[in-house]
1. At q = 0.12, 0.18, 0.21 Å⁻¹, what log₁₀ I(q)/I(0) does the range 1-103 have when each alpha carbon counts as one equal point scatterer in the Debye sum?
2. When only the heavy atoms of the protein chains count and the probe is 1.4 Å, how do TRP50, TRP22, TRP206 rank by accessible area, highest first?
3. Using a 1.4 angstrom probe on the protein heavy atoms only, line up GLU112, GLU207 by accessible area, largest first.
4. Subtract the Cα-Cα distance of ALA105 and ASP162 from 0.36 nm times their separation in residues, and report this length gain in nm to one decimal.
5. Using only the alpha-carbon atoms of the chain as identical scatterers, what base-10 log of I(q)/I(0) does the Debye formula give at q = 0.16, 0.17 Å⁻¹?
6. Under the rule of -39500 (n - 2.57) per DSSP H run of 4 or more residues, summed and divided by the residues of the chain, what mean residue ellipticity at 222 nm is obtained, to the nearest 500 deg cm²/dmol?
7. What are the residues whose amide H is under 5 Å from the amide H of ALA140, where those residues sit 5 or more places off or on another chain and H is modelled from the backbone?
8. Give or take rounding to whole Å, what are the principal axis extents of the alpha carbon atoms in the range 58-190, in descending order?
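The values are calculated or read from the model by the stated rules, or taken from the named source; none is laboratory data. Computed from a predicted structure; not experimentally measured. All Cβ positions, even for glycine, are placed from backbone atoms using ideal geometry, and neighbour counts span all protein chains on display. The accessibility values were calculated without ligands, DNA or RNA, using every heavy atom of the protein model including side chains. Shrake-Rupley method; radii C 1.70, N 1.55, O 1.52, S 1.80 Å.
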Amino acid sequence: MYGVPLGGDWGGLFDELVRVPWASQALVPLPKGLDPAVVASASDNLTDAWRAVGPALRDAPRAKVLIMGGTPSIGLYVAMFAAAVGAGAVDYVDRSARRRTQAQALGATPHETTPRGEEYEIVVDASADRAALAEGLRHAAPGARCHSVGIFFGDPTPLPLDVMYMQGVTLSTGRPDVLADIPTVLSLVADGTVDPAPVFSDRIAWEDAPAALAEAPRKPVVLRVPR
């Protein structure tokens, strides 16, 4: 929650100094030799993506995975992890041609629309779109697990509860408790199992950050040489 006006004033993403509550427990050391810029999202999106698919694949190796994409990075991270740790198939759905190309490079099969007639043991909604969440749930196989990383404020979010009931689908969502899984994610990056670097749009210098960040949608890494 750093940089978000909830839960305390700790400083944020582009502050030179941040306060770290419970620092002896909340900080995770990087493996030796790992470029910090590559795991800049480890405390948020990168580990959230792992939690969305990694534990489910441990319980169901070679499961088919459906990812409803649409956000700049997290759906791509899910595709990366799913392909790397042994999913039987990884289908990535997104209207963005650029992200579909990225997903394919990460090992997923890209689609502009959900494959007709297919069912999946694992469904991950990273669309931030209510209709896409419902569409993904309609393709859940019997006993499937679905996790939504999206945040839906305001209007109600309709769900196909009839399909979910008959198929016995489990749906989870919520702000991720990433601390316990950050070491696993760092290890997967450090040993070369996954490489999240291509998901970032580019690396930009500190002095160029204001102009670069104004150009949405982007997923840049802002770098500053230590003094």
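1. -0.54, -0.98, -1.11
2. Per-residue accessible area, sorted high to low, gives TRP22, TRP206, TRP50.
3. Final ranking, largest accessible area leading: GLU207, GLU112.
4. 16.9 nm
5. -1.17, -1.30
6. -8500 deg cm²/dmol
7. TYR120
8. Result for the range 58-190: principal-axis Cα extents of 43, 32, 31 Å.
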